[in-house]
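Engineer: Take this structure, written in structure tokens, and hold onto it; I'll ask about it next.
A short reminder: the numbers here are calculations on the coordinates, not readings from a lab. If you're wondering where the values come from, they're calculated on a predicted model, not measured in any experiment. Cβ coordinates were reconstructed from backbone atoms using ideal geometry, including for glycine residues, and neighbour counts include every protein chain displayed.
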Amino acid sequence: MCRACTEPAHSQLTIISGVKAINAHLGFQGDARQAMAFYQQVLGGGATVIPDGSTEPVFHSDLHGPNFRLMAADVEAPRLALHILCDDRAEMERLFAELS
């Protein structure tokens, strides 16, 4: 896991025209609760975990701050999904076509 990026291209904020936000959804195999606690410790923000305070697998968790949203759950196979929120349908279709 990257703790600090020293690459010049990565340290600059780039605004993508037409994109409102990019949110990440992570899939863990039984340790989503611990992972989200770690991310909250490092990133700050408010957290929601469902079910809360349980030893059951996490159905949904959400960590959010003023400039990010990270979601996670316990699933059968690890995964990463990016949710890209766009200003309009044309931009959404363009990004989908280019990223597919």
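Engineer: For segment 20-99, state the semi-axes of the equivalent ellipsoid (square roots of 5 times the eigenvalues of the alpha-carbon gyration tensor), sorted largest first and rounded to whole angstrom.
Structural biologist: Working from the Cα gyration tensor, I get semi-axes of 26, 15, 9 Å.
Engineer: List the residues whose amide H sits under 5 Å from the amide H of residue 75, counting only those 5 or more places along or on another chain, with H placed 1.01 Å from N in the peptide plane.
Structural biologist: Those qualifying (amide H under 5 Å, at least 5 residues apart or on another chain) are 28, 29, 30.
Engineer: Once R0 is set to 35 Å, what does the formula 1/(1 + (r/R0)^6) return for the Cβ-Cβ distance between residue 67 and residue 100, expressed as a FRET efficiency to the nearest 0.05?
Structural biologist: 0.80
Engineer: Considering amide H positions built from the backbone, and no H for Pro or chain starts, which residues 5 or more places from residue 69, or on another chain, come under 5 Å of its amide H?
Structural biologist: Residues meeting the amide H criterion: 24.
Engineer: In addition: How about segment 33-100: which GluC sites (Glu not before Pro) there are in a DSSP loop, with at most 13 other Cβ atoms within 10 Å of their Cβ?
Structural biologist: 76
Engineer: Shifting gears a bit: Would you mind computing, in nm to one decimal, how far apart the modelled labels at residue 43 and residue 93 are, each placed 7 Å from Cα along Cα→Cβ?
Structural biologist: A separation of 3.2 nm, rounded to one decimal place.
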